[in-house]
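Chemist: This is the structure, below, for whatever I ask next.
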Amino acid sequence: MSEAISQAPHGAAARRGPFRVGDRVQLTDEKRRINTITLQRGGEFHTHKGVLPHEDIIGLPEGSVIENADGFRYQALRPLAKDFVLSMPRGATVVYPKDAAQIVQFGDIFPGARVVEAGVGSGALSISLLRAVGDEGFLHSFERREEFADIARGNVSTVFGGDHPSWQISIGDFQDKVVELEEPGSIDRVVLDMLSPWECLDAVATVLAPGGVWTNYVSSVTQMSRVVEAIRASGQFTEPECFETLVRGWHVDGLAVRPDHRMVAHTAFLITCRRLADSADGIPKAKRIKEHSYSDEDLSAWTRDHAEDEWTAEALGERGLSDKKLRRAARDANQSVRVRAAEENAEGAGGA
């Protein structure tokens, strides 16, 4: 069994077996309230319902129900990837699980694929892409800010129990760095989660292999319109497809069966297209000429002629992040890594 675990894909062993020091554990109480903790030697989980020592959890099988000293019960499970992404330390807004699932499927991310992505943010999408490409694939992530990269490294290491062998992260502007670090036509899939992906069109066309898929994740209609028009104008890609994903949960309790009052509605738009061969001329979308009432200025505001300096995070409604918040998120993201390292050092000293 131990040999089979050691040969398992990277990160699989960290999701099997009894709870260990450094594991993140999701505790659900009798009122279905959820808290996530990182197991530590001598650690304690405190609430108004009493104290639960971490030692009472370490060594138990996953799915155990544990009582604290006051008889209050908790259900203990390792967080699923979707749970972890929504509760993990973050700087930038994360790619929601519903969108990550669509990116993996519609972006055709396959085991062994060579994938590049930008920007990394807090690492939520990187986790899904690494699970899809596996140990034999390659994910090269590009991030402009070192603070975000630190948070992403910690979150990825927490999920996979350490550094992932298929992952490389580089700091800098994607459109400049990717053509320096990747050979022309060597990439199978490109995924961009950034403010102005149309600025990367030439870089994507350079590194993406013929037939490769380019997926864009943008939050606003204006971004979607501009990147689609830029892709069409280039003639190097197939006609873009655009969509969003809405997820509505249901309340099921006896005869009371109805949609939930709240739902995860709009988060972002996805745009996908494929790279044509260099010698191919794109087939333009069929259009019917019809009268329109918008001006040239209106058209400019929605498409590629719009002034570059007006495309800012603030203009698109994104909130800024303080350096203090980013440092705290990076520290929290790396907590599991530090705890595991301390435990391994302690075991090594004991063995010596």
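The values are calculated or read from the model by the stated rules, or taken from the named source; none is laboratory data. All of these numbers come straight from a predicted model, not from anything done at the bench. Glycine gets a Cβ as well: all are built from the backbone with ideal geometry, and neighbour counts include every protein chain shown. The area values use the complete protein model at the heavy-atom level, side chains included, leaving out ligands, DNA and RNA. Shrake-Rupley method; radii C 1.70, N 1.55, O 1.52, S 1.80 Å.
Chemist: If you check VAL95, VAL156, VAL133, VAL120, which single one turns out to be touching a residue at least 12 places away in the same chain (Cβ under 8 Å), under 22 Å from LEU246 (Cα atoms) and aliphatic (A, V, I, L, M)? Before the answer, list the steps.
Modeler: On the way: VAL156 fails: under 22 Å from LEU246 (Cα atoms); VAL133 fails: under 22 Å from LEU246 (Cα atoms); VAL120 fails: under 22 Å from LEU246 (Cα atoms).
Among VAL95, VAL156, VAL133, VAL120, only VAL95 is touching a residue at least 12 places away in the same chain (Cβ under 8 Å), under 22 Å from LEU246 (Cα atoms) and aliphatic (A, V, I, L, M).
Quick grid of which residues meet (1) at pLDDT 95 or above; (2) surrounded by fewer than 16 Cβ atoms within 10 Å (Cβ to Cβ); (3) within 14 Å of the chain's Cα centre (by Cα):
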position: VAL85; (1), (2), (3): no, no, yes
position: TYR96; (1), (2), (3): no, no, yes
position: ASP99; (1), (2), (3): yes, no, yes
position: GLY112; (1), (2), (3): yes, yes, no
position: GLY119; (1), (2), (3): no, no, yes
position: GLY123; (1), (2), (3): no, no, yes
position: ALA152; (1), (2), (3): no, no, yes
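Chemist: Within segment 165-198, which residues are in contact (Cβ under 8 Å) with a residue 60 or more places away in the chain and among the acidic types (Asp, Glu)?
Modeler: Of everything in segment 165-198, those that are in contact (Cβ under 8 Å) with a residue 60 or more places away in the chain and among the acidic types (Asp, Glu) turn out to be GLU182, ASP188, ASP193.
Chemist: Taking the options ILE66, ILE57, name whichever one is more than 22 Å from ALA149 (Cα to Cα) and buried (at least 20 other Cβ atoms within 10 Å of the Cβ).
Modeler: On the way: ILE66 fails: buried (at least 20 other Cβ atoms within 10 Å of the Cβ).
ILE57 is the lone residue from the list that is more than 22 Å from ALA149 (Cα to Cα) and buried (at least 20 other Cβ atoms within 10 Å of the Cβ).
Chemist: I'd like the full set of residues that are polar (S, T, N, Q) and touching a strand residue (DSSP E or B) at 6+ places or on another chain (Cβ under 8 Å), limited to segment 86-137.
Modeler: SER87, GLN102, SER126 - these are the residues of segment 86-137 that are polar (S, T, N, Q) and touching a strand residue (DSSP E or B) at 6+ places or on another chain (Cβ under 8 Å).
Chemist: Of all residues in segment 12-36, which are open to solvent by 20 Å² or more (accessible area, probe 1.4 Å), in contact with a helix residue (DSSP H, G or I) (Cβ under 9 Å, 6 or more places away or on another chain) and part of a strand (DSSP E or B)?
Modeler: Hits for segment 12-36 are ARG24, GLN26, ILE34, THR36.
Chemist: Answer yes if at least one residue in segment 181-195 is in contact with a Gly (Cβ under 7 Å, 6 or more places away or on another chain), of a type outside the set (A, V, I, L, M) and in a loop (DSSP other than H, G, I, E, B), and no otherwise.
Modeler: Yes, that holds for at least one residue.
Chemist: Being among the aliphatic types (A, V, I, L, M), open to solvent by 30 Å² or more (accessible area, probe 1.4 Å), in contact with a Phe, Trp or Tyr (Cβ under 9 Å, 6 or more places away or on another chain) and not in a loop (DSSP other than H, G, I, E, B) is the filter here; which residues of segment 249-281 pass it?
Modeler: VAL257, VAL264
Chemist: Kindly check whether there is at least one residue in segment 190-202 that is hydroxyl-bearing (Ser, Thr, Tyr) and more than 22 Å from GLN223 (Cβ to Cβ). Working first, answer last.
Modeler: Just the residues of segment 190-202 that are hydroxyl-bearing (Ser, Thr, Tyr), to begin with: 196.
Then drop every residue that is not more than 22 Å from GLN223 (Cβ to Cβ), which leaves none.
No: zero hits.
Chemist: Does ASP135 satisfy the condition of being acidic (Asp, Glu) and either within 21 Å of ILE187 (Cα to Cα) or buried (at least 23 other Cβ atoms within 10 Å of the Cβ) (or both)?
Modeler: Yes: the conditions hold for ASP135.
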